[in-house]
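The values are calculated or read from the model by the stated rules, or taken from the named source; none is laboratory data. What you see is a predicted model, and the numbers here were worked out from it, not measured in a lab. Every residue, glycine as well, gets a Cβ built from its backbone with ideal geometry; the counts of neighbours run over all protein chains shown. Areas reflect the complete protein model, heavy atoms only, side chains present, ligands, DNA and RNA absent. Shrake-Rupley method; radii C 1.70, N 1.55, O 1.52, S 1.80 Å.
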Amino acid sequence: MTAAWPISRADGLPVVMGVVNVTPDSFSDGGEWFEPTAAIAHGLELLAQGADILDVGGESTRPGAGRPSVAEELRRVLPVVTALGAAGAVVSIDTMRASVAEAALDAGASLVNDVSGGLADESMVEVVAGAQVPYIAMHWRGHSSDMQSRAVYGDVVADVRSELAERADQLVSQGISAERLVLDPGFGFAKLAVHNWALLRHLDQLLDLGFPVLVGASRKAFLGRLGVGDGEPRPPRDRDVATAATSSHALTVGAWGVRVHHVPSTIDAMRVAHAIKEAP
Ligand code: PMM
């Protein structure tokens, strides 16, 4: 399916991408939507709550995670992509694998969300360029199994900015349309809490690159550690208010979209930020 591009909302809020993880082990909602029927019902619920895009993924990228086989990833995502696409949803496929992206596009997805920005699978660019679909390229320094060892920066904002700019240049030179490219700083991917906060604070410097920016901070660990001192972080499901605050910030600085697990709280918070921004 080809989605109208750029996607935007009639109410002026950033695009809301609802997360549909068809995985047994995602940090944020591990296992909850692992059965296709549950994942489909969840996607439809996110849609009814106001999501503009449903982001279907079959590989957990939490720190330390191992990878499913290609066959297993396809088995997880294809029925869900097919059903949600048939229901009229704009579906993005969250994968690092070109073969999974290609099969999902055939099954009804209309965007590719690649947390590796094309670095994990050299065939990805060809698939996306050939299909002429929007592509979300995230800042990435390597697979989740050992990515936190790569959370080493001189100046995290300058480093992520230049690595993303270089990635965008390469993707475009390899045939990805600059008009359909979205960049994402990759919160929590080879990033410590201090790096995530700096990237949120200076999102404007990523927006300066001239591409739409997606913010995917939803339920991530750095939000759960706020206010608990040395105590246990709040569990992922108790991080939606904190996530909504990041969505509100994303709107204020002019991000294109937010990728979230709990859609109503994010829309509510962004409506407040929007009303403030529009006030005379
Ligand atoms: N984070 C996760 C998965 N996919 N995609 C993009 N573009 N940006 C992200 O920050 C991102 C992503 C990991 O979170 P999850 O386990 O809640 O899906």
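A few notes on this one:
- Subset of segment 88-108 (residues that are part of a loop (DSSP other than H, G, I, E, B), more than 13 Å from the ligand (Cβ to nearest atom) and under 15 Å from GLU126 (Cβ atoms)): ARG97
- Condition met for GLY175 (in a loop (DSSP other than H, G, I, E, B) and without any contact (Cβ under 8 Å) to a residue 40 or more places away in the chain): no
- Residue under evaluation ARG239, criteria (1) closer than 23 Å to ILE93 by Cβ; (2) touching a Gly at 6+ places or on another chain (Cβ under 6 Å), criterion not met: (1)
- Just one residue in the set LEU200, LEU206 is within 16 Å of the ligand (Cβ to nearest atom), at pLDDT 95 or above and within 30 Å of VAL127 (Cα to Cα); that residue is LEU206.
- Residue count for segment 6-38 satisfying the condition of being over 30 Å from GLU278 (Cβ atoms), open to solvent by 30 Å² or more (accessible area, probe 1.4 Å) and hydroxyl-bearing (Ser, Thr, Tyr): 1.
- Failed criterion for ALA41 (all others in (1) surrounded by 22 or more Cβ atoms within 10 Å (Cβ to Cβ); (2) more than 11 Å from the ligand (Cβ to nearest atom); (3) not polar (S, T, N, Q) hold): (1)
- Index of the failed condition, VAL81 passing every other in (1) in a helix (DSSP H, G or I); (2) away from the ligand (no atom under 13 Å from the Cβ); (3) under 25 Å from LEU223 (Cβ atoms): (3)
- Count - residues of segment 214-241 that are within 14 Å of the ligand (Cβ to nearest atom), surrounded by fewer than 23 Cβ atoms within 10 Å (Cβ to Cβ) and without any contact (Cβ under 8 Å) to a residue 60 or more places away in the chain: 4
- Residues in segment 53-79 that are touching an Asp or Glu at 6+ places or on another chain (Cβ under 6 Å) and crowded, with 23+ Cβ neighbours inside 10 Å: ASP55, GLY57, GLY58, GLU59, GLU73.
- Residues of segment 126-150 that are small (Gly, Ala, Ser) and either crowded, with 23+ Cβ neighbours inside 10 Å or farther than 24 Å from ARG67 by Cβ (or both): ALA129, GLY130, ALA137.
Conditions tested, residue by residue: (1) more than 30 Å from GLY154 (Cβ to Cβ); (2) under 18 Å from the mean Cα position of the chain (by Cα); (3) of a type in the set (Ser, Thr, Tyr).
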{"residue": "ASP208", "(1), (2), (3)": "no, no, no"}
{"residue": "VAL213", "(1), (2), (3)": "no, yes, no"}
{"residue": "PRO264", "(1), (2), (3)": "yes, yes, no"}
{"residue": "ALA275", "(1), (2), (3)": "yes, no, no"}
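- Failed condition for TYR153, given (1) touching a residue at least 40 places away in the same chain (Cβ under 8 Å); (2) surrounded by fewer than 23 Cβ atoms within 10 Å (Cβ to Cβ); (3) within 16 Å of the ligand (Cβ to nearest atom); (4) of a type in the set (Phe, Trp, Tyr): (3)
- Tabulated pairs, segment 16-28, first among the β-branched types (Val, Ile, Thr), second within 9 Å of the ligand (Cβ to nearest atom) and part of a loop (DSSP other than H, G, I, E, B), C-beta under 6 angstrom, 6+ apart or interchain: VAL19/HIS261; THR23/SER60
- Residue pairs whose Cβ atoms lie under 6 Å apart, sitting 6 or more positions apart in sequence or on different chains, and linking a residue in segment 112-139 that is under 27 Å from TYR153 (Cα atoms) to a partner that is modelled with pLDDT under 95, are VAL115/THR61.
- Residue satisfying all of: in segment 178-197; closer than 19 Å to ALA129 by Cβ and part of a helix (DSSP H, G or I); nearest to the ligand (Cβ to nearest atom) among these: ARG180
- Condition met for LEU251 (open to solvent by less than 20 Å² (accessible area, probe 1.4 Å) and either closer than 24 Å to VAL128 by Cβ or not in a helix (DSSP H, G or I) (or both)): no
- On inspection, ASP55 passes the criterion of being of a type in the set (Asp, Glu) and in contact with a strand residue (DSSP E or B) (Cβ under 7 Å, 6 or more places away or on another chain).
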